[in-house]
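What follows is a short report on a single structure.
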Amino acid sequence: MPEQADDNHHRYGGKPDDERRLAPAMLTGLKGRCPACGKGKLFYKYLKTVDHCENCGTEIHHHRADDLPAYLVILVLGHFMVGGYMTGAELFDVPDWVHLAVWVPLTALTAFALIQPMKGVVIGLQWALKMHGFDGKGREEAVDYSER
Ligand SMILES: [Zn+2]
């Protein structure tokens, strides 16, 4: 079972000399950089990923981030914003429209600011775990759910 042990190192952060370490790949994705080399850009528009890394050529197009970044942003933001609203409502005796005027724009702006880094994190995770074509087999042998 030595192969299984090696596989677990990849999944849970890995050793410094491992080929694809999870946490560094996710951190690199958070910064909007290619998880393979850390230099090439991951996005050419706000949420549009590049086809492949301009620096090292790693194919990015077969990532399947889908709804996970949005789900994670909602999960994280929901806790901060609802908690912030409830704390604010306890501490400050202001009308409801003031809460709406503060929390709705703050939530929207924070969500727009977080969605791209979160998508980068998810792509870094998929790359490190060799998911969806990041295993080096390419798109042809990877399962392509978009054609179903
Ligand atoms: Zn690269």
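None of the figures in this text is laboratory data; all of them are computed from the coordinates on show. It should be emphasised that the depicted structure is a prediction, and the values quoted were computed from it without experimental measurement. When we count neighbours, we look across all protein chains shown, and the Cβ atoms used for this are built from the backbone with ideal geometry, even at glycine.
If you average over every viewing direction, what projected area does the convex hull of the Cα atoms of the stretch 87-139 give, in nm²?
The directionally averaged projection comes out at 5.5 nm².
Over the stretch 2-137, what is the mean sequence separation of C-alpha contacts under 8 Å (at least six apart), divided by residue count, expressed as relative contact order in percent?
35 percent
Nearest 20 debye, what's the magnitude of the dipole of the stretch 2-137 about its Cα centre given +1 on Lys and Arg Cβ and -1 on Asp and Glu Cβ?
Charge dipole, the stretch 2-137, about its Cα centre: 460 debye, nearest 20.
Tell me the net charge near Val102. Cut-off is 15 Å between Cβ atoms, Val102 excluded, with +1 for each Lys or Arg and -1 for each Asp or Glu.
-3
Report the calculated FRET efficiency for Val94 and Lys41 (r = Cβ-Cβ distance, R0 = 35 Å), to the nearest 0.05.
Once the sixth-power term is evaluated, E becomes 0.20.
Measuring from a point 7 Å past the Cα of Ile74 along Cα-to-C-beta, which residues in the stretch 105-129 have an amide N at less than 15 Å?
From the stretch 105-129, the list is 108, 111-112, 115.
Calculate the all-directions average of the projected area of the stretch 21-78's alpha-carbon convex hull, and give it in nm².
Taking a quarter of the hull surface, the average projection is 4.2 nm².
Using only the C-alpha atoms of the stretch 2-137, find the volume of their convex hull and express it per residue in Å³.
Once divided by residue count, the hull of the stretch 2-137 is 126 Å³.
At what distance in angstrom do the alpha carbon centres of the stretch 22-46 and the stretch 48-72 lie from each other?
Spelled out, the Cα-based centre of one part sits 9 Å from the other.
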